[in-house]
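The values are calculated or read from the model by the stated rules, or taken from the named source; none is laboratory data. What you see is a predicted model; the values in this text were computed from it and never measured. Cβ atoms come from the backbone with ideal geometry, glycine included; neighbour counts cover every protein chain shown. Ligands, DNA and RNA are stripped out before the accessible areas are found, and what is left, the full protein with its side chains, is counted by its heavy atoms. Shrake-Rupley method; radii C 1.70, N 1.55, O 1.52, S 1.80 Å.
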Amino acid sequence: IANGVNTVAQTIAIGAGANAANNTITIGSGVNTAGVTAVTIGSNTALANTLLLRGGNGVGAITLTPHVDGSIVIGATAGTGAITLGSSSAAQTVNIGTGAGLATVAIANGTVGSAVTIANGINTVAQTVSISNGASGADTTVNIMSGVGTAGAGVLAIGNNTRVTSFNISNPAAM
């Protein structure tokens, strides 16, 4: 479908009519007994190409589901563009690693210096940042800047704000 060199804009519509009943579109979803199924949608040439992926309003409206030992990669290995998760102007929850299994979440573990910001917007209502703040049912260890320093300076700033009115480390009465 439309595989030739186009000299004018092309529009290809599959199942794009106004639906009065269910519509199922399946591409490359057969059960492989040999070989590999590769599906490519869109182009990653350095032009203003876009891919719009829409879903409904139910749980799992957009689901990326590889085989149980497969991986999901978002972004190019040498990419310099931004990847945005959840930029709604309304209240929104972004869940990362919240399943019942053991979660390992790595954020900015590069070796050439990283800048990580969490809850750094100028808040107009109260904000709460919790780290390892659930009820403890087993040991809990929180390490902050506890690696072995071999060069450079280490600066740990806590409560360096003129609006800090309370600072509590540990609660001996609860021990």
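Put simply, of THR37, THR45, THR33 the only residue that is in a loop (DSSP other than H, G, I, E, B), surrounded by 10 or more Cβ atoms within 10 Å (Cβ to Cβ) and not charged (D, E, K, R) is THR37.
Criterion applied to ALA106, ALA91 was being hydrophobic (A, V, I, L, M, F, W, C), assigned to a loop (DSSP other than H, G, I, E, B) and closer than 30 Å to GLY154 by Cβ, and the one residue passing it is ALA106. Scoring GLY56 on the criteria (1) open to solvent by 100 Å² or more (accessible area, probe 1.4 Å); (2) more than 18 Å from the chain's Cα centre (by Cα); (3) closer than 30 Å to ASN22 by Cβ leaves a single failure, condition (1). Of all residues in segment 52-97, those satisfying the criterion of being closer than 17 Å to ALA119 by Cβ and among the aliphatic types (A, V, I, L, M) are LEU85, ALA91, VAL94, ILE96.
For the residues ILE158, ILE122, ILE144, the requirement of being touching a residue at least 12 places away in the same chain (Cβ under 8 Å), more than 30 Å from VAL31 (Cβ to Cβ), aliphatic (A, V, I, L, M) and open to solvent by 100 Å² or more (accessible area, probe 1.4 Å) singles out ILE144. Got a sec? Which of ALA13, ALA100, ALA20, ALA91 is farther than 30 Å from ALA126 by Cβ, under 29 Å from the mean Cα position of the chain (by Cα) and loosely packed, with under 10 Cβ neighbours inside 10 Å? Only one candidate passes the filter, namely ALA100.
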